[in-house]
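Peer 1: Quick one: the structure is below, questions incoming.
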Amino acid sequence: MTQKLVVIGNGMAGARTVEEILARHGDFSVTMFGDEPYGNYNRIMLSNLLAGVETEEGIFLNDLAWYRDNGITLNAGVKIERIDAAARIVHDSNGGATPYDKLIIATGSYSWTPPMKNVHNPKRGYHQGVFAFRTLDDTRGMIRYARDHERAVVIGGGLLGLEAARGLQNHVSHVTLLHAMGHLMERQLDPKAGQMLQASVEGKLGINVITNAMTSEILGKDKVTGVKLADGTVIECDVVVIAAGIRPNTEMVANSGLPVERGIVVDDQMRVQGHEDVYSVGECAQHRGSLYGLVAPLWDQAKVLADHITGTSGVAYTGSKLHTKLKVAGIDVASMGLIAPEHDEDEVIVYNEPKKGVYKQLIIRNDVLVGATLVGDNSKAASLIQHFDRGTALPEERSSLIFDIGGAVEESPEDMPDDAQVCNCNGVSKGAICGVVAGGCGTVSGVMDKTRAGKGCGTCKPLVQRIVEWANGGAAEEDPAASWYVPGVPMPKSELMASIRKYRLTSVSSVFAKLAPGGEDAKSKMGLASLLKMMWGADYVDERDARFINDRVHANIQRDGTFSVVPQMKGGVTTPAQLRKIAEVAEKYDVPMVKLTGGQRIDLLGVPKEKLPAMWADLDMPSGYAYAKSFRTVKTCVGSDFCRFGVGDSTALGIALEERYQGLEGPGKMKLAVSGCPRNCAESYVKDLGVVAIDGGRWEIYVGGAAGAHIRKGDLLTTVGSAEEVIRLTGRFLQYYRENANWLERTYAFVPRIGVDRIREIVVDDTDGIAAALDAAVEEAVQSYQDPWKERAEPATPGQFRTSLPLIVLPQVPVRS
Amino acid sequence: MKTTSLVNLGPVTDIPLGEGRTYAVDGDMIAIFRLRDSSLRAVSAICPHKGGPLADGQIDNAVVVCPLHLFAWDLATGCSQSGQPPINVYPVREDDGHILLGD
């Protein structure tokens with residue numbers, strides 16, 4: 001049955017909560033009451049309206065048509081005077097009584113006026129020329145009045161006061177900012193940062209700032225002529241704007257007998273304490289002793305309230321970690337958590353460059369970021385906020401948290417032209433990304449799906465993220481899927497593996513049936529197939545449709561829909577007989593291109609799908625794995641056999657590694673190399689696992705290197721005394737990677753994420769006691785290896801090797817003669 | 001394809017569950033998919049982006065993902081989910097174990 005939902009408050013919290021309820025198809029007839037005679041608008045944008053960079057139409061979130069279209073009765077400009085919770089009725093200022101089944105109180109805050117003489121005119125409310133800065137009407141009045149006046153004083157040096165001062169500069173020639181405390185934004189910044197900000201505000205913007213300024217009196221009889229401070233100083237002005245803080249609007253609620261302390265007391269479901277059907281959300285609500293005046297917590301609260309009221313059980317709001325990242329009056333400021341250390345053991349890192357107005361402070365406790373303050377340079381704010389929110393382990397090199405060491409300077413989305421190409425693989429511009437965000441897609445992964453930006457080599461992903469954040473006005477919407485192993489199953493890898501074991505799900509379709517709310521998902525199939533094969537080995541039920549085309553036909557699809565055939569060539573070593581055979585096959589099948597690969601093999605390119613089985617038969621060599629997310633090759637140099645400098649037999653070790661681990665599947669490709677000496681001709685330092693012979697019969701093992709889309713020198717895992725140890729530790733590392741890496745997460749991302757020290761503990765020192773289990777698991781995978789090219793005589797599925805190519809001629813891979 | 005007559009493309013078992021195969025019909029190339037719920041879908045065989053063979057793509061009950069650059073199309077409507085032009089969809093059904101294309 002449709003319930004009557006009444007919402008008191010038509011601001012950002014009230015309207016947002018109603019939006020969330022509508023999105024959940026809640027069965028309610030909704031009535032909203034708002035003090036202001038409008039639809040609802042984005043209060044945060046009032047600063048922009050004042051500054052003249054935004055129009056009134058631009059700040060409305062929902063206009064009156066939205067209420068009409070959604071069947072919402074809006075009582076704009078009608079104040080609720082009393083809630084009768086016992087009778088479930090609200091009484092309004094027009095004498096109306098509205099019954100409810102559910103009530104949401106979202107009355108927000110009002111602008112607080114510090115005590116001072118002469119601020120109110122007994123006839124008119126505020127003295128003429130004195131304005132608060134809270135509502136659209138305040139802002140309109142301020143603009144209208146300031147236009148004809150010269151000197152403004154802003155009382156309050158918090159965020160709002162700074163924004164007001166900056167905005168007023170648009171309308172008057174002189175602005176003074178008075179702040180009662182010792183430094184600006186004292187709630188978010190430490191004294192040093194506050195002083196840096198003040199220097200920038202004065203130097204760059206030309207706003208006078210006076211701190212420790214207690215305003216005691218507004219001067220002037222009919223109109224404002226100045227303000228007087230407690231120390232007797234008089235500042236002449238004709239406009240005064242009060243932005244000294246906000247207080248929750250709770251008077252009516254308290255008078256109605258509902259529990260109010262600093263705010264309206266709510267539980268984790270945003271229910272008002274002791275009242276089953278009354279909720280409160282936003283700035284007026286007090287949750288676990290805290291009041292929140294930012295947008296992000298409000299969104300979280302609105303979601304929980306909407307879930308709960310529409311019948312989802314088990315949802316809870318547990319509080320928000322506060323962080324802000326913004327331009328204060330044109331100057332970058334970011335702040336999160338503590339603004340000063342609290343314990344002796346707290347680690348404090350400070351960087352200060354007064355001339356440029358740059359200040360950065362981090363507070364770290366037990367290796368977790370508990371506070372950060374940035375002024376003048378927000379380029380690292382996004383990653384710091386992530387560390388702060390998630391409590392992730394910090395890099396040992398602390399300076400990398402506040403600087404881009406040796407890396408390219410991060411491009412600022414704001415400065416990029418709209419047609420700047422962001423994704424160089426798929427040709428996606430900044431404008432295209434912003435367009436998708438403007439169209440309502442606020443998550444990074446959503447934008448990537450819609451535009452395919454960042455879906456090529458992936459190097460532009462951080463930039464895509466920054467653009468999405470910027471286009472969203474500061475922060476990307478949180479993407480719940482970010483931690484999932486595959487997009488269609490809402491679980492991170494460890495949880496997914498536990499569920500797969502618990503229900504003994506041995507096929508991809510059974511995982512979808514049991515664990516995927518949306519059923520089958522094409523984009524999740526390949527990742528699940530890889531995971532299940534790794535987990536179940538011989539017990540895995542191989543459904544061919546779960547494989548990518550490369551894995552269905554054991555060859556790499558090329559741009560014209562043909563495939564490439566790469567015979568195995570262990571360690572890059574071949575024989576005249578093998579070469580002859582490859583040449584004969586290439587001629588017999590008119591292979592348009594024969595090419596040496598980067599991994600020291602021979603690539604026969606441009607082979608039609610239907611010819612693959614016959615070619616494999618004629619070659620009669622094992623597959624070289626130039627496709628699949630699996631162990632690929634072991635590149636080697638000549639080593640001690642022939643080379644003058646070689647100190648170890650890299651070729652023999654490379655062959656041994658390739659023989660043992662050939663075809664091993666994983667979350668990403670695994671490319672290895674063995675170099676016979678530190679001259680590193682096989683490029684072992686930039687491989688997923690690279691081995692380097694050093695003098696004295698010893699081998700260094702590097703992990704997490706890359707020289708593809710990303711470039712990274714591998715980390716030294718350990719140095720061992722024999723080839724056998726290299727082979728054993730290689731298997732153990734690869735198995736640990738197989739079990740713990742995210743889908744498509746290459747070792748260059750995996751190793752830094754876990755940390756090479758931690759990996760060394762597990763893989764080399766066996767501090768976790770799982771080395772034997774890793775060895776056994778990789779041994780089992782090695783034993784179950786079968787050459788996929790043997791699947792040629794009897795296709796695994798009907799039409800496995802039938803062409804899917806169209807009859808029309810497509811662009812062909814150029815044939816070089 | 002403008003034909004209103006039915007074309008029998010052979011037994012449905014020619015297409016493994018969850019996969020697609022390409023058929024030439026009246027000079028057109030059409031990819032037929034057999035969904036895991038056993039129903040059939042028919043769309044143009046060629047990806048409008050860079051000519052990829054859609055029958056080699058992976059599917060679920062709603063979309064096909066081109067194997068070349070992983071753009072996705074709705075199998076029922078032919079609409080792209082990733083900003084590309086739409087593909088054609090054709091009526092197709094199973095009758096007595098055979099694939100019938102057309103109205």
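Peer 1: May I ask you to list pairs of residues, at least six apart or on different chains, whose Cβ atoms are under 8 Å apart, with the first in the stretch A:450-466 being within 14 Å of chain B (Cβ to nearest Cβ) and surrounded by fewer than 20 Cβ atoms within 10 Å (Cβ to Cβ) and the second being part of a helix (DSSP H, G or I) and of a type outside the set (Val, Ile, Thr)?
Peer 2: Here the result reads none, with nothing in the stretch A:450-466 linked to a residue that is part of a helix (DSSP H, G or I) and of a type outside the set (Val, Ile, Thr).
Peer 1: Restrict the check to the stretch B:23-37 and report whether at least one residue is within 8 Å of chain A (Cβ to nearest Cβ), at pLDDT below 90 and open to solvent by less than 20 Å² (accessible area, probe 1.4 Å).
Peer 2: no
Peer 1: So, one more: Can you run down the residue pairs with Cβ atoms below 7 Å, 6 or more apart or on separate chains, where the first is in the stretch A:20-47 and under 20 Å from A:Ile105 (Cβ atoms) and the partner is in a helix (DSSP H, G or I) and open to solvent by 50 Å² or more (accessible area, probe 1.4 Å)?
Peer 2: Close Cβ pairs (under 7 Å, with a partner that is in a helix (DSSP H, G or I) and open to solvent by 50 Å² or more (accessible area, probe 1.4 Å)) amount to A:Glu20/A:Lys303; A:Gly39/A:Leu64.
Peer 1: Would it be correct to say that A:Ser483 is in contact (Cβ under 8 Å) with a residue 24 or more places away in the chain and among the hydroxyl-bearing types (Ser, Thr, Tyr)?
Peer 2: Against the criterion (in contact (Cβ under 8 Å) with a residue 24 or more places away in the chain and among the hydroxyl-bearing types (Ser, Thr, Tyr)), A:Ser483 does not qualify.
Peer 1: Continuing with this model, one more query. For the stretch A:175-190, does any single residue satisfy the condition of being without any contact (Cβ under 8 Å) to a residue 40 or more places away in the chain and farther than 30 Å from A:Gly337 by Cβ?
Peer 2: Scanning the stretch A:175-190 turns up at least one residue that is without any contact (Cβ under 8 Å) to a residue 40 or more places away in the chain and farther than 30 Å from A:Gly337 by Cβ.
Peer 1: Let me ask another. Counting only residues that are facing chain B (nearest Cβ under 10 Å) and buried (at least 19 other Cβ atoms within 10 Å of the Cβ), how many does the stretch A:510-519 have?
Peer 2: 2
Peer 1: What are the residue pairs meeting all of these: first residue in the stretch A:578-604, first residue at negative phi, second residue acidic (Asp, Glu) and surrounded by fewer than 16 Cβ atoms within 10 Å (Cβ to Cβ), Cβ atoms under 7 Å, and 6 or more apart or on different chains?
Peer 2: That search, which allows pairs on different chains as well, returns A:Val585/A:Asp618; A:Lys588/A:Asp618.
Peer 1: Hey, another quick one. Would you call A:Ala244 farther than 30 Å from A:Ser320 by Cβ, at pLDDT below 95 and of a type outside the set (Asp, Glu)?
Peer 2: no
Peer 1: Does the stretch A:44-79 hold any residues that are open to solvent by less than 60 Å² (accessible area, probe 1.4 Å), part of a helix (DSSP H, G or I) and not hydrophobic (A, V, I, L, M, F, W, C), and which are they?
Peer 2: Across the stretch A:44-79, the qualifying residues are A:Ser47, A:Asn48, A:Glu56, A:Gly58, A:Tyr67.
Peer 1: Here's a follow-up. Looking at (1) assigned to a helix (DSSP H, G or I); (2) more than 9 Å from chain B (Cβ to nearest Cβ); (3) hydrophobic (A, V, I, L, M, F, W, C); (4) open to solvent by less than 20 Å² (accessible area, probe 1.4 Å), which one does A:Leu505 not meet, given that it meets all the others?
Peer 2: Going through (1) assigned to a helix (DSSP H, G or I); (2) more than 9 Å from chain B (Cβ to nearest Cβ); (3) hydrophobic (A, V, I, L, M, F, W, C); (4) open to solvent by less than 20 Å² (accessible area, probe 1.4 Å) one by one, A:Leu505 breaks only (1).
Peer 1: Also: Hey, among B:Gly52, B:Gly97, which residue is more than 7 Å from chain A (Cβ to nearest Cβ), at pLDDT below 95 and open to solvent by less than 30 Å² (accessible area, probe 1.4 Å)?
Peer 2: B:Gly97 is the lone residue from the list that is more than 7 Å from chain A (Cβ to nearest Cβ), at pLDDT below 95 and open to solvent by less than 30 Å² (accessible area, probe 1.4 Å).
Peer 1: What number of residues in the stretch A:270-296 are touching a residue at least 40 places away in the same chain (Cβ under 8 Å), farther than 14 Å from A:Ala13 by Cα and in a strand (DSSP E or B)?
Peer 2: Total satisfying the criteria: 2.
Peer 1: Right, next: Would you list the strands (runs of 3 or more DSSP E) that sit entirely within the stretch A:596-697 and hold 1 or more residues that are more than 25 Å from A:Lys713 (Cβ to Cβ)?
Peer 2: Of the strands (runs of 3 or more DSSP E) lying wholly inside the stretch A:596-697, those with at least 1 residues that are more than 25 Å from A:Lys713 (Cβ to Cβ) span A:602-607.
Conditions (1) modelled with pLDDT of 95 or more; (2) within 14 Å of chain B (Cβ to nearest Cβ), marked per residue:
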position	(1), (2)
A:Ala538	no, no
A:Thr562	no, yes
A:Ile582	yes, no
A:Glu587	yes, no
A:Pro608	no, yes
A:Lys611	no, no
A:Tyr627	no, yes
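Peer 1: Separate question: Every residue in the stretch A:534-567 that is assigned to a helix (DSSP H, G or I) and over 35 Å from the mean Cα position of the chain (by Cα), please.
Peer 2: Within the stretch A:534-567, A:Ala538, A:Asp539, A:Val553 qualify.
Yes/no matrix, rows are residues, columns are (1) in contact (Cβ under 8 Å) with a residue 60 or more places away in the chain; (2) within 11 Å of chain B (Cβ to nearest Cβ); (3) surrounded by 15 or more Cβ atoms within 10 Å (Cβ to Cβ); (4) more than 30 Å from A:Thr443 (Cβ to Cβ):
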{"position": "A:Val489", "(1), (2), (3), (4)": "no, no, yes, no"}
{"position": "A:Lys493", "(1), (2), (3), (4)": "yes, no, yes, no"}
{"position": "A:Ile500", "(1), (2), (3), (4)": "no, no, yes, no"}
{"position": "A:Asp521", "(1), (2), (3), (4)": "no, yes, yes, no"}
{"position": "A:Leu528", "(1), (2), (3), (4)": "no, no, yes, no"}
{"position": "A:Asp551", "(1), (2), (3), (4)": "yes, yes, yes, no"}
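Peer 1: Restricting attention to the stretch B:62-77, does a residue exist that is of a type in the set (Asp, Glu), more than 7 Å from every other protein chain (Cβ to nearest Cβ), open to solvent by 50 Å² or more (accessible area, probe 1.4 Å) and over 25 Å from A:Ala796 (Cα atoms)?
Peer 2: Taking every residue of the stretch B:62-77 in turn, none turns out to be of a type in the set (Asp, Glu), more than 7 Å from every other protein chain (Cβ to nearest Cβ), open to solvent by 50 Å² or more (accessible area, probe 1.4 Å) and over 25 Å from A:Ala796 (Cα atoms).
Peer 1: Could I ask something else about it? Which of (1) more than 9 Å from chain A (Cβ to nearest Cβ); (2) touching a Leu at 6+ places or on another chain (Cβ under 7 Å); (3) within 26 Å of A:Ala529 (Cα to Cα) is the odd one out, the single condition B:Leu40 does not satisfy?
Peer 2: Looking at each condition in turn, B:Leu40 falls short on (2).
Peer 1: Here's a follow-up. Starting from the stretch A:747-776, take each residue that is within 10 Å of A:Arg732 (Cβ to Cβ) and list its partners that are part of a loop (DSSP other than H, G, I, E, B), counting only C-beta distances under 6 angstrom and pairs at least six apart or across chains.
Peer 2: The qualifying pairs are A:Ile762/A:Asp768.
Peer 1: OK, next. Can you tell which of A:Val315, A:Val260, A:Val295 is over 28 Å from A:Leu178 (Cβ atoms), at pLDDT below 95 and open to solvent by 10 Å² or more (accessible area, probe 1.4 Å)?
Peer 2: A:Val315
Peer 1: Something else about it: Assuming A:Ala106 fulfils every condition listed in (1) modelled with pLDDT of 95 or more; (2) in contact with a Phe, Trp or Tyr (Cβ under 6 Å, 6 or more places away or on another chain) apart from one, which condition is it?
Peer 2: Looking at each condition in turn, A:Ala106 falls short on (2).
Peer 1: For residues in the stretch B:1-22 being modelled with pLDDT of 90 or more and not in a strand (DSSP E or B), which is farthest from the other protein chains (Cβ to nearest Cβ)?
Peer 2: Per the stated criteria, the residue is B:Val12.
Peer 1: Kindly indicate whether any position in the stretch A:328-342 is surrounded by 23 or more Cβ atoms within 10 Å (Cβ to Cβ) and closer than 26 Å to A:Arg88 by Cβ.
Peer 2: No, because not a single residue in the stretch A:328-342 is surrounded by 23 or more Cβ atoms within 10 Å (Cβ to Cβ) and closer than 26 Å to A:Arg88 by Cβ.
Peer 1: Which count do you get for residues in the stretch A:756-768 that are open to solvent by less than 50 Å² (accessible area, probe 1.4 Å) and either part of a helix (DSSP H, G or I) or out of contact with any helix residue (DSSP H, G or I) (no Cβ under 9 Å at 6 or more places or on another chain) (or both)?
Peer 2: 4
Peer 1: Given (1) modelled with pLDDT under 90; (2) open to solvent by less than 60 Å² (accessible area, probe 1.4 Å); (3) out of contact with any strand residue (DSSP E or B) (no Cβ under 9 Å at 6 or more places or on another chain), where does A:Asp307 come up short, assuming only one miss?
Peer 2: Only one criterion is unmet by A:Asp307, namely (1).
Peer 1: Within the bounds of the stretch A:572-582, is there any residue that is in a strand (DSSP E or B), over 23 Å from A:Leu689 (Cα atoms) and open to solvent by less than 10 Å² (accessible area, probe 1.4 Å)?
Peer 2: No, there is no match, as no residue in the stretch A:572-582 is in a strand (DSSP E or B), over 23 Å from A:Leu689 (Cα atoms) and open to solvent by less than 10 Å² (accessible area, probe 1.4 Å).
Peer 1: Yes or no: A:Glu745 surrounded by fewer than 20 Cβ atoms within 10 Å (Cβ to Cβ) and assigned to a helix (DSSP H, G or I)?
Peer 2: Criteria not met by A:Glu745.
Peer 1: Kindly evaluate A:Arg134 against the criterion of being within 30 Å of A:Val18 (Cβ to Cβ) and either in a strand (DSSP E or B) or open to solvent by 30 Å² or more (accessible area, probe 1.4 Å) (or both).
Peer 2: When the stated conditions are applied, A:Arg134 passes them.
The values are calculated or read from the model by the stated rules, or taken from the named source; none is laboratory data. For clarity, every value in this text was computed on a predicted model and none was experimentally measured. Here Cβ is always computed from backbone atoms with ideal geometry, including for glycine, and neighbour counts include all displayed protein chains. The protein model used for the area step is the full one, side chains on, heavy atoms only, and it has no ligands, DNA or RNA in it. Shrake-Rupley method; radii C 1.70, N 1.55, O 1.52, S 1.80 Å.
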